[in-house]
Every structure is written in C-alpha cells, then in structure tokens.
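Enquirer: Attaching a single structure in structure tokens format; questions to follow.
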Amino acid sequence: MLRALAVDDERPSLEELLYLLNADPRIGSVEGAGDATEALRRITRALESGPHGPEAVDVVFLDVQMPGLDGLEMARLLTGFARPPLVVFVTAHEDFAVRAFDLKAVDYVLKPVRKERLAEAVRRVAELRGAAPRIPVHEPDPDQLPVELGGVTRFVAVDDITHVEAQGDYARLHTERGSHLVRIPLSTLEDRWRSRGFVRIHRRHLVSLRHVGELRLDAGTVSVLVGGEELQVSRRHTRELRDLLMRRV
C-alpha cells in the first residue's frame, strides 16, 4: 500500500485530489499540504522515520505553480535527498512537462484531474515501488495516438501528423490544427512509424513523407517544407530522404 502526500496551495484542488487518492485501493494513506515548505517539513520527518517507518512517504503528488517555493523547485530539492519519494506533478499547465521529466517525475497529470488519469499515475508509482503486479493492457490503436489536453484525452490520427519534434523525453506532434506533447521519445516513434512513411531528417525532427511539400537546396543547405514549416535536413539524412521522396514520386 502506497503512502502519499498531496501538495497544492488551492484548497478545493487539494481536497479533490485527496478524495480521488483516498478512493484508490493502492493508496494506503494520504496527507495534504498547502505549500512546498509544509510539504518539505513532512518529507523530512518521513526520511528521519526511514523507508519502513510510520512517517514514511512513497510518493508526492505535487502542484507546479505555488507561492513561494514552487513545485519544480521543490522537486529539484528532493533530488538531493538520500531516499526521496517519487514525484507526480498535478497541474493545470502543460508548459512545464519537459522540465518536470528532466527532474525524473514519474508522471505529469493535467487539471482538471480525471479519476482514470490519476489511477494511471498511481499504477506507475505502484510498479516502481513494487507494490502492484503489472496488469495486461490492450495494445494501442496503431492508427491513433492518445494525447491529453486540458484534462481531456483526445486521439490524434497518425495520418494527420505532419512532423514530430524531440523535446527531451517528450515528443511534440504537429498537425495542421495544432500540436500536442506526448511522453514518448522520438526514437521510439521513428521505429514505430517507419513503415507508415515517417523518416528522420535531423536529430530533432521526424517528418511524414506524405506531408512534405517541397525539398529545397540553398547554398549546400537542404530543407523541407512540411505542414507550412521549413525544417532543416542534416547532412547524414539528406541522401536517404531524397531517395525516399523520389521513390514516392
């Protein structure tokens, strides 16, 4: 059973999070803190108690934007502890996801928090703590990719994706209607979508051949126009890209 600490300076959000965590059978106990300073005092007691002591904390569900010490700063402090608890960020802001995972966060849950999405975060924590066996899940639909936006899960058709941009452990999917951040490395998408016409053109970019509108050569520099955006092609990928485009023609 996991021992959790929820941290949020907005009382209604904290109470909702505590309610949802208490309803999860994998959570043995959960406490709340209204700011990072109070949370750090609680975690210090937990570390003094030891990993199996009565004050122990396995995971912190942490808001990002708080007065004083914010969630990212608190998570950075925790990385210096000898046996820090795991961290799950719970926030209304998508923009901090890359920085959060640089701090080794287990998950990044967007508000308003949905019960099913929070349960997935708890499952990841439970697996890392060895508190729950792996549960078989259905294979994902190869034609769609789930993305989260404002607490709502939407499904993006792979055929609608023009190109993908690497952002740390994340990838940003670009479509003609906007972009979405997913927690999948670019190399994984490259392997998964090679047969669907996606090709690496740069260490940071993967493009869909069907969406390439132009191949440009200017003073020895090669670029492609895809989804209305011009992307540079690295020298090592130029020949493969040209061959694939010619084959498509």
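The values are calculated or read from the model by the stated rules, or taken from the named source; none is laboratory data. These numbers come from a predicted model, not from an experiment. Glycine also receives a Cβ, built like all others from the backbone with ideal geometry; neighbour counts cover every protein chain displayed. To get the accessible areas, we keep the full protein, side chains included, count just its heavy atoms, and leave off ligands, DNA and RNA. Shrake-Rupley method; radii C 1.70, N 1.55, O 1.52, S 1.80 Å.
Enquirer: If I ask for residues that are more than 23 Å from R123 (Cβ to Cβ) and among the charged types (D, E, K, R), which ones from the range 16-45 would you list?
Expert: D35, E38, R41, R42, R45
Enquirer: Where the second residue is open to solvent by 50 Å² or more (accessible area, probe 1.4 Å) and part of a helix (DSSP H, G or I) and the first is under 24 Å from E15 (Cα atoms) and lies in the range 61-89, which pairs have Cβ atoms under 7 Å and are six or more apart or on separate chains?
Expert: G68/T37; L69/T37; L72/R99; L86/L128
Enquirer: Now a separate question. Taking the criterion of being of a type in the set (A, V, I, L, M, F, W, C) and in contact with a Ser or Thr (Cβ under 7 Å, 6 or more places away or on another chain), would at least one residue in the range 167-189 satisfy it?
Expert: Yes, the range 167-189 contains a residue that is of a type in the set (A, V, I, L, M, F, W, C) and in contact with a Ser or Thr (Cβ under 7 Å, 6 or more places away or on another chain).
Enquirer: How about the range 10-56: which of its residues are assigned to a helix (DSSP H, G or I) and open to solvent by 70 Å² or more (accessible area, probe 1.4 Å)?
Expert: Answer for the range 10-56, where residues must be assigned to a helix (DSSP H, G or I) and open to solvent by 70 Å² or more (accessible area, probe 1.4 Å): R11, P12, E15, E16, Y19, N22, T37, E38, R41, R45, E48.
Enquirer: Could you list, in sequence order, the residues of the range 92-101 that are in contact with a strand residue (DSSP E or B) (Cβ under 7 Å, 6 or more places away or on another chain) and either among the acidic types (D, E) or buried (at least 21 other Cβ atoms within 10 Å of the Cβ) (or both)?
Expert: Across the range 92-101, the qualifying residues are E94, A97, A100.
Enquirer: Then there's this: I'm trying to understand the selection: among the residues of the range 218-249, which are touching a Ser or Thr at 6+ places or on another chain (Cβ under 8 Å) and hydrophobic (A, V, I, L, M, F, W, C)?
Expert: Hits for the range 218-249 are V222, V226, L231, V233.
Enquirer: Name the residues in the range 195-207 that are of a type in the set (K, R) and either within 16 Å of A166 (Cβ to Cβ) or touching a residue at least 60 places away in the same chain (Cβ under 8 Å) (or both), would you?
Expert: R200, R203, R204
Enquirer: Let me ask you something else. Hey, could you check the range 231-247 for residues that are touching a Leu at 6+ places or on another chain (Cβ under 9 Å) and touching a residue at least 40 places away in the same chain (Cβ under 8 Å) and say which is most open to solvent (accessible area, probe 1.4 Å)?
Expert: Among them, the one singled out is L244.
Enquirer: I want to confirm something. Restricting to the range 208-230 and keeping residues that are open to solvent by less than 60 Å² (accessible area, probe 1.4 Å) and farther than 18 Å from D160 by Cα, which single residue is nearest to the chain's Cα centre (by Cα)?
Expert: Checking each candidate, the answer is S223.
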